Every structure is written in structure tokens, then in C-alpha cells.
Amino acid sequence: TGAIAPSSKGLSQCITSKIPESVTPENPLRILEVGAGTGAFTERILIKLGQKDELHIYECNPKFTALLREKYLSSQNGSSSKDERRIFLFEDYIQTLEKEDYFHFIICGLPFNNFQPEVTEQIFGILYRALKNGGVLSFFEYFAIRKIKGIFCCEKENRRLKRIHHTLKRIRVPFEVEKKIIWRNIPPAVVWHLKK
């Protein structure tokens with residue numbers, strides 16, 4: 001986990017803000033949440049989830065998936081059909097996502113600053129492929145975290161952080177980009193909305 005403290009209400013609202021409040025049942029949405037953790041963003045997504053919409057959740061930490069299953073799923077098989085909403089929980093890495101899967105909105109809570117640049121690039125490649133044209137991928141990182149870490153870390157770690165910075169910058173190129181800073185979060189966070 002990359003969380004320093006639980007995500008604030010403001011961060012949860014901002015990162016899910018591109019998901020519309022309601023959609024007609026004839027046009028159900030497919031939403032993907034990656035790295036759900038304890039479900040701070042999941043709560044907000046479920047408020048917006050329409051009657052026939054689908055939410056697919058990927059979380060690789062068994063403790064978190066057990067918590068999410070207990071909170072949100074009515075059955076033990078990793079899915080729920082309460083009120084016709086379809087919620088699917090996968091205790092797995094996003095790298096296992098089926099190639100033909102597609103989503104209108106992707107909410108990502110993965111701690112990219114903890115990964116190797118190659119892993120970050122691989123994950124964004126998967127998410128880009130899974131995002132429908134016109135869809136929005138939203139993710140966050142802590143404000144100035146790479147600069148702060150860079151002051152205290154060794155040269156090798158500093159190089160990795162710089163590569164992460166350049167990787168994330170390059171990844172944003174094919175998207176329409178919107179950036180929001182959430183100051184009332186501990187620590188402050190930057191939310192990125194990338195429209196395909």
C-alpha cells in the first residue's frame with residue numbers, strides 16, 4: 001500500500017467526479033477501480049453507480065479484498081447483483097485484466113511512486129487499452145512527493161523517482177489532461193483526469 005493516511009472525502013469526491021450521477025438503463029456504464037484498498041473511492045463510486053452499471057474492482061492485497069467483500073458483496077463468489085447493479089471483485093493484479101475488457105471510467109489508486117518505471121508504464125498501457133474512446137482515467141499522487149522523497153533518499157532511489165516523473169509525464173501526452181490539487185488531504189494530493 002502507498003497510503004500515508006486514509007483518503008479524505010475531498011480526494012474521494014474529486015477522483016470520482018467525472019463519473020456521472022446517473023445514466024439511463026439503456027446505456028449502462030462499465031467502471032474499473034484499480035487498487036481499491038479499504039474502499040474510500042469505492043464508496044463514492046457506488047453512490048453514483050446506476051441500476052444496470054457494472055463496477056469491476058481489482059485489489060491484490062488479500063486483507064483488503066476480504067474487507068471489500070464483506071462491505072460490498074452479497075455473495076462469496078466475488079460478485080453482487082443487488083438492485084441489478086453488478087459488482088465484481090478480483091483479488092489479483094491489473095496485469096491479468098482480459099484484453100477484450102473495456103470501461104467508460106477508470107479510477108486508479110495505485111502507488112505509482114513505489115513502482116519501477118517499467119511497471120508503471122506497463123500498467124498505464126493496460127489501462128489505456130481498456131479505456132473506451134471518450135472515457136476518463138483518473139488517478140492521484142501525493143503533492144510534490146517525488147521532490148520530498150528525493151531530498152532524503154540515496155542516488156539510486158533518486159534516479160528511479162526521476163524516471164517515474166518522466167514516465168508519468170510521457171504517459172499523459174495522448175490524453176486531454178485536467179489536474180486538481182486537493183489541499184485538504186493528508187498529505188495534499190494531486191488528482192489527474194486523463195480523457196482518451
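Just so it is clear, none of the values below were taken in a lab; they were calculated from the coordinates. Since the model is a prediction, treat every value here as computed from it, not as a measurement. Neighbour counts run over all protein chains shown; Cβ positions are idealised from the backbone, glycine included.
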Using just the helices of the chain, give the 222 nm mean residue ellipticity in deg cm²/dmol: DSSP H runs with n ≥ 4 each add -39,500 (n - 2.57), and the total is spread over all residues, rounded to 500. -10000 deg cm²/dmol
Lys/Arg Cβ at +1, Asp/Glu Cβ at -1, dipole of the chain taken about the Cα centre: which of T120, G50, I94 is farthest positive-ward? T120
Could you list C14, C154 so that the one with the fewest beta carbons within 10 Å of its beta carbon is first and the one with the most is last? C154, C14
Cα-Cα over 22 Å: which of K9/K179; K18/K162; K18/K63? K18/K162; K18/K63
Taking the chain as a Gaussian network, Cα atoms linked when under 10 Å apart, which of I94, I57, I148 shows the biggest mean-square fluctuation? I148
So what is the relative contact order for segment 84-140, in percent, with contacts set as C-alpha pairs under 8 Å and at least six apart? 49
Report ³J(HN,Hα) in whole Hz for each residue of segment 42-54, in order, from the Karplus equation J = 6.51 cos²θ - 1.76 cosθ + 1.60 where θ = phi - 60°; Gly and Pro get x. 4, 3, 5, 4, 5, 4, 8, 5, x, 4, 10, 5, 10
Determine the alpha carbon to alpha carbon distance for each of K48/K149; K48/K156; K99/K180; K147/K196 and list only those over 32 Å. K48/K149; K48/K156
Would you mind telling me which residue in K169, K156, K48 has the biggest mean-square fluctuation in a Gaussian network model of the chain, where springs connect alpha carbons within a distance under 10 angstrom? K156
